[in-house]
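I have placed the structure first, in the form of structure tokens, so that the comments after it can refer back to it.
The values are calculated or read from the model by the stated rules, or taken from the named source; none is laboratory data. All values derive from a computational prediction rather than experimental measurement. Reconstructed Cβ throughout: ideal geometry from the backbone, glycine too, with neighbour counts over all protein chains shown. The accessibility values were calculated without ligands, DNA or RNA, using every heavy atom of the protein model including side chains. Shrake-Rupley method; radii C 1.70, N 1.55, O 1.52, S 1.80 Å.
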Amino acid sequence: MSPTRSRRMRNLTRGAAVGAACALLAVGGVTATSAAPLSQPAAASAVTVEGTEVRIEGFKFIPADVKVSAGATVTVVNKDSAPHTLTATDGYAFDTGTIEAGKSATFTAPSKPGSYDFVCSLHPQMKGTLVVS
Ligand SMILES: [Cu+2]
């Protein structure tokens, strides 16, 4: 086998691998269902706490007072048989959108420290506070 010929074969193999990777990326992109965060916090000030979770059970947020770091990703798990949201009452700082029964969604905590009240937009009697530090 000449050197020229083996080089061409290697290039062909690499091309096939890149094609497969593109196909995988295309499939992965379809799985994102919830809305993208409105803004990403500045990298320097953001402290991301993974695994921060709020449950919704019996038409209540558990815990009702949620303490997170600025820019944290918060997962909201709906254990009820009714749909719910977790929505900031002021300025739409964050909103999960409708979470169907048995599903979960995430939102990104604001990058600005403070206390943010939230409700379920479908059941405004459901209340909680997100404390961002
Ligand atoms: Cu609700």
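Below, the figures for the structure above:
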{"quantity": "Output for region 98-114, where each listed residue is of a type outside the set (A, V, I, L, M, F, W, C), in a loop (DSSP other than H, G, I, E, B) and over 17 Å from Gln125 (Cα atoms)", "calculated": "Glu100, Gly102, Lys103, Pro110, Ser111, Lys112, Pro113"}
{"quantity": "Pick from region 50-62, criterion assigned to a strand (DSSP E or B) and more than 16 Å from the ligand (Cβ to nearest atom), ranking: surrounded by the most Cβ atoms within 10 Å (Cβ to Cβ)", "calculated": "Thr52"}
{"quantity": "Residues of region 111-129 satisfying the condition of being surrounded by 19 or more Cβ atoms within 10 Å (Cβ to Cβ) and more than 16 Å from the ligand (Cβ to nearest atom)", "calculated": "Tyr116"}
{"quantity": "Region 90-107, residues that are modelled with pLDDT under 95 and either within 11 Å of the ligand (Cβ to nearest atom) or open to solvent by less than 30 Å² (accessible area, probe 1.4 Å) (or both)", "calculated": "none"}
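Quick grid of which residues meet (1) within 16 Å of the ligand (Cβ to nearest atom); (2) open to solvent by less than 10 Å² (accessible area, probe 1.4 Å):
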position	(1), (2)
Ala64	yes, no
Lys67	no, no
Thr75	no, no
Asp80	yes, no
Ala88	yes, yes
Ala109	no, yes
